[in-house]
Each structure stands twice: as structure tokens, then as C-alpha cells.
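Read through the structure below, which is laid out as C-alpha cells, and then see the notes.
Nothing in this text is a laboratory measurement; each read-out follows from the coordinates by a stated rule. Note that this is a predicted model, so its numbers are computed, not measured. Note: ideal-geometry Cβ built from the backbone for every residue, glycine included; neighbour counts use all protein chains shown.
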Amino acid sequence: MPLPLPMDDREPVRCPSGLYVVATPIGNLEDITLRAIKTLKGVDLIAAEDTRHTARLLSHYRIRTPLISCHEHNERQRTPELIDKIRSGGSVALVSDAGTPSVSDPGYRMVRAAVESGLPVFPIPGVSAAVTGLCASGLPTDAFVFQGFTPKKKGKRMELLASLAAEPRTLIFYESPRRVSVFLDEIRAVMGDRRAVLAREMTKLHEEFIRGTLSEILIVLADRPEVKGECTLMVDGAAASDSVSTDDLADALRDALAQPGAHLSGLSKAFAHHYQLPRKTVYEMALAIQKETDASD
């Protein structure tokens, strides 16, 4: 339980007209800035991804500002209404269920509309699961690629992973606990058995960081009846001297093509880029592997 904090019950200071993009805790309710609390008290309206979820945060800090929903299913319709309110001199705070709005959460359309309308947008910074996980991962932090959630269709997801295989920077993904083991196996099939860190339930009671190779993390998860909690996955970038033999390339292609929904053309292009090989050479090898696999089925 969060520690009780001293509350200021004086009349809140009204915020100037504009859109306030307010970061909120990803778990522990104490992970909120004083400025965020002041802003949520001072705006005219809070647009929340889930009003029930945000209501618990507001109740904890005795914030009585009116709430309205703004989520991925109604953001397009809700945006004009909120923009009109700001145009008429109102102030609106945008919050998601956890972390920073518009970073793998609803809010992008709203922020873009405010910018295009010439209205002020005020960022109220705070927690982000990607940076929270990265700073404690032990992987390189000087440069990283935040991918967030990957495509739901497996073929598209495999092509994306193949396109990232040569990326030297640390990779950061969000994934559902129900699919994280499958996702780890897909990364291993495309990128090899790299170092990685799976952060689960960050800032909450059961916070956990599982470190090791992708295979080692999979072994840990395999011993559990289920994986629970929000997951952030950090994967080591490609080594600078990432070369491959013909046999290793064939094995990597065979593993990738064995994944349901894998597309021959997209994988060939991505692997050719990764290993700096002629695309035709890689495509012909992949085609031969696919024909060999089909013949044996």
C-alpha cells in the first residue's frame, strides 16, 4: 500500500488553457510528481483511458476534477469535443491507465489535433515503463529502439523482428503476459539466443527482473503455470561483427520459416539486410528450404 502523503486541501490553482499530457504511475501510486498532482487538481477536465482506473488514483490524492473517457475506441470522436473546450479557454489533462499518454497508449490523435489547431500542449513528465525497465536492465542504455507492442499477425511480427535483427541498439518491447513466451521464442528464432531482460510488474509488490539469454528466460517461465502482470522486454542489440556462415544462415532461415504466418519474401529481404548479403541469394536459399520442408510433410 502507498504511504499516506500530506495533502493540501486549499483551493487548487486553475491551470491556463491548454492540453496537459500527464504521466501517471505504472503501479506504485507514489510514483507521481507533485506537478502532476497540482495539474490534475487545476485543470477543468481530465480525459482518461479508463475512468474507473483513473478514479482510484484521483481518490487517493483527493482530486475532484471531473472525468471523461478518451480511449482507443472513442478518441477519434472525442477529440473535436475536447479541442473545442480548449479553444473556448478550458484546460484538459490527458492521462492513460499507466505511464505517459500517447507512448503505446491512446493520446496521439488528441495531441496532434491540439498542435495542428495552434493550441498549447504542456508535457507533465513522469514514469514510462520503457525507461523504467531499461535503466534497471543492465543492457546498454546509451542508445535504444522503443518498439512497444508488435503486430498481432504473426507474419507481420516475424518480418518486423527480422528487420530489427541487425539493429545494434538495445530493443524494447511491450508484450502481453499470455503471449510473452511465444514472443521470446520468435525473437530467438530470428535473432539468435541473445541476452535479454524481462521486467514484470514493475514498481508493484511482485516486481521481477528475469535476466539471461532468451533461452534461459524461457526455461524460467516454463516452470510457471502462467505468467502474470504487465511485461516489458529488453533485448541486446546485434553485435558489430555479426557475420554468418552458410550453415548458420540456413538454420536461421529454417527456424524463421517454421513459424506460422512467416512470409518468404519479407524474411528473405530482412535477412539479406541483416547479413549484408544479396537478396537473391538469400531468397533462393529460403525457397529451397521451404520446398524441402513442403516435400517432407
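Numbers at a glance
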| item | result |
| --- | --- |
| The stretch 14-35: number of residues that are over 14 Å from Thr65 (Cβ atoms) and either over 21 Å from the mean Cα position of the chain (by Cα) or among the hydroxyl-bearing types (Ser, Thr, Tyr) (or both) | 8 |
| All positions within the stretch 185-221 that are hydrophobic (A, V, I, L, M, F, W, C), surrounded by fewer than 21 Cβ atoms within 10 Å (Cβ to Cβ) and closer than 25 Å to Val127 by Cα | Leu205, Phe209, Ile210 |
| Residues within the stretch 282-297 that are touching a Ser or Thr at 6+ places or on another chain (Cβ under 9 Å) and not charged (D, E, K, R), tallied | 5 |
| Sole residue being touching a Lys or Arg at 6+ places or on another chain (Cβ under 7 Å) and surrounded by fewer than 18 Cβ atoms within 10 Å (Cβ to Cβ), chosen from Gly138, Gly148, Gly89 | Gly138 |
| Matching residues in the stretch 264-280 - criterion: being farther than 19 Å from Lys156 by Cβ and either basic (Lys, Arg) or surrounded by fewer than 15 Cβ atoms within 10 Å (Cβ to Cβ) (or both) | Gln276, Pro278, Arg279, Lys280 |
| Strands (runs of 3 or more DSSP E) within the stretch 97-209 that include 3 or more residues of a type outside the set (A, V, I, L, M, F, W, C) | 170-175 |
